[in-house]
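K.L.:
Have a look at this one before I ask anything.
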Amino acid sequence: MELFTLYLQYLSEICEGKRSAPAGITIPETSEEEKAVAVQQAAMEMGIPAFVKACADAEGRDVPQ
C-alpha cells in the first residue's frame, strides 16, 4: 500500500474508534469532526511517514520505506 493510503486508513480507523491512537497522540472525547482534526494535526506535527510507522508498529506490522 502507498503511504497516503495507509495514512487515510489509520486516520479513519482511529477516528471511528476501531484503532487506538499511537503513543503521543491524545484524542479528545468530543465530536467526530474535532477528533478528526486533532488526529490530523498530530499526524502533521509528527509527519505522515512517522505517523504511519507508529500506527503500523503498534500492530506489529512492517511498512516498506
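K.L.:
Pairs only if they're at least six apart or on different chains, beta carbon under 7 angstrom, first in the stretch 27-39 and charged (D, E, K, R), second in a helix (DSSP H, G or I); list them, first residue then second.
P.N.:
Note: pairs meeting the criteria are GLU32/CYS15; LYS35/CYS15.
K.L.:
Still on this structure, I have one more. Looking only at the stretch 1-24, count every residue that is surrounded by 11 or more Cβ atoms within 10 Å (Cβ to Cβ) and in contact (Cβ under 8 Å) with a residue 24 or more places away in the chain and tell me the total.
P.N.:
The qualifying residues number 11.
K.L.:
Now a separate question. Give me the residue from the stretch 12-26 that is in a helix (DSSP H, G or I) and charged (D, E, K, R) and, out of that set, modelled with the highest pLDDT.
P.N.:
Only one residue tops the list, namely GLU13.
K.L.:
If you scan the stretch 36-50, which residues turn out to be assigned to a loop (DSSP other than H, G, I, E, B) and open to solvent by 80 Å² or more (accessible area, probe 1.4 Å)?
P.N.:
none
K.L.:
Being assigned to a helix (DSSP H, G or I) and open to solvent by 40 Å² or more (accessible area, probe 1.4 Å) is the filter here; which residues of the stretch 51-65 pass it?
P.N.:
Selection gives LYS53, ASP57, ALA58.
K.L.:
Confirm whether VAL63 is modelled with pLDDT of 90 or more, hydrophobic (A, V, I, L, M, F, W, C) and more than 11 Å from the chain's Cα centre (by Cα).
P.N.:
no
The values are calculated or read from the model by the stated rules, or taken from the named source; none is laboratory data. Only a predicted model underlies this, so the values are computations on that prediction, with no experimental measurement involved. Reconstructed Cβ throughout: ideal geometry from the backbone, glycine too, with neighbour counts over all protein chains shown. When the accessible area is computed, the model is the full protein with side chains, heavy atoms only, and any ligands, DNA or RNA have been set aside. Shrake-Rupley method; radii C 1.70, N 1.55, O 1.52, S 1.80 Å.
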